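K.L.:
Let me begin by handing over the structure; questions about it come next.
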Amino acid sequence: FFTNALSASQIQSLFAGAVVTPTILISRSGSNISITYTGTLLSSTNVAGPYSQVQGASSPYPVPTTAPQTFYRTSQ
């Protein structure tokens with residue numbers, strides 16, 4: 001809540017700070033692959049998609065190296 005009207009530059013500053021660019025980092029952790037990400041993690045069995053949200057995923061997300069081939073990406 002604001003107690004006064006915001007200037008155009010204040011509004012632009014708020015909007016610029018609210019935009020989060022999704023990121024993804026993949027590394028090996030023991031016998032797992034670790035996916036560290038921001039945004040929403042999506043997966044597909046085909047690189048061209050369709051992609052769907054990985055239910056219950058939180059960062060970092062562990063994936064066993066023995067898991068079937070899966071492609072991951074993130075979105076806002």
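The values are calculated or read from the model by the stated rules, or taken from the named source; none is laboratory data. Just so it is clear, the structure is predicted and the values come from calculations on it, not from any experiment. Cβ sites come from the backbone with ideal geometry, for glycine too, and all protein chains shown count toward neighbours. The area values use the complete protein model at the heavy-atom level, side chains included, leaving out ligands, DNA and RNA. Shrake-Rupley method; radii C 1.70, N 1.55, O 1.52, S 1.80 Å.
K.L.:
Leaving out ligands, DNA and RNA but keeping every protein chain, what accessible area does Thr45 have, in Å² rounded to the nearest 10, with a 1.4 Å probe?
P.N.:
120 Å²
K.L.:
Using θ = phi - 60° and the Karplus curve 6.51 cos²θ - 1.76 cosθ + 1.60, what whole-Hz ³J(HN,Hα) does each residue of the range 59-69 get, with Gly and Pro shown as x?
P.N.:
Running phi through 6.51 cos²θ - 1.76 cosθ + 1.60 with θ = phi - 60° gives 8, x, 9, x, 10, x, 5, 8, 5, x, 4 Hz.
K.L.:
Largest first and in whole Å, give the semi-axes of the chain's equivalent ellipsoid, each being the square root of 5 times a Cα gyration tensor eigenvalue. Mind dumping the intermediate values first?
P.N.:
Details: eigenvalues 258, 37, 19 Å².
Each semi-axis is √(5λ); the values are 36, 14, 10 Å.
K.L.:
Could you check the simple spin-label distance between Ile24 and Ala8, using points 7 Å along Cα→Cβ, in nm with one decimal?
P.N.:
3.8 nm
K.L.:
Separate question: Can you tell me the 0 to 90 degree angle between the C-alpha axis of helix 8-18 and the longest principal axis of the chain, rounded to 10?
P.N.:
Helix 8-18 sits at roughly 20 degrees to that axis.
K.L.:
At 1.4 Å probe size, with every protein chain present, just tell me what the per residue accessible area of the chain comes to in Å².
P.N.:
Working: 5720 Å² over 76 residues.
Result: 75 Å² of accessible area for each residue.
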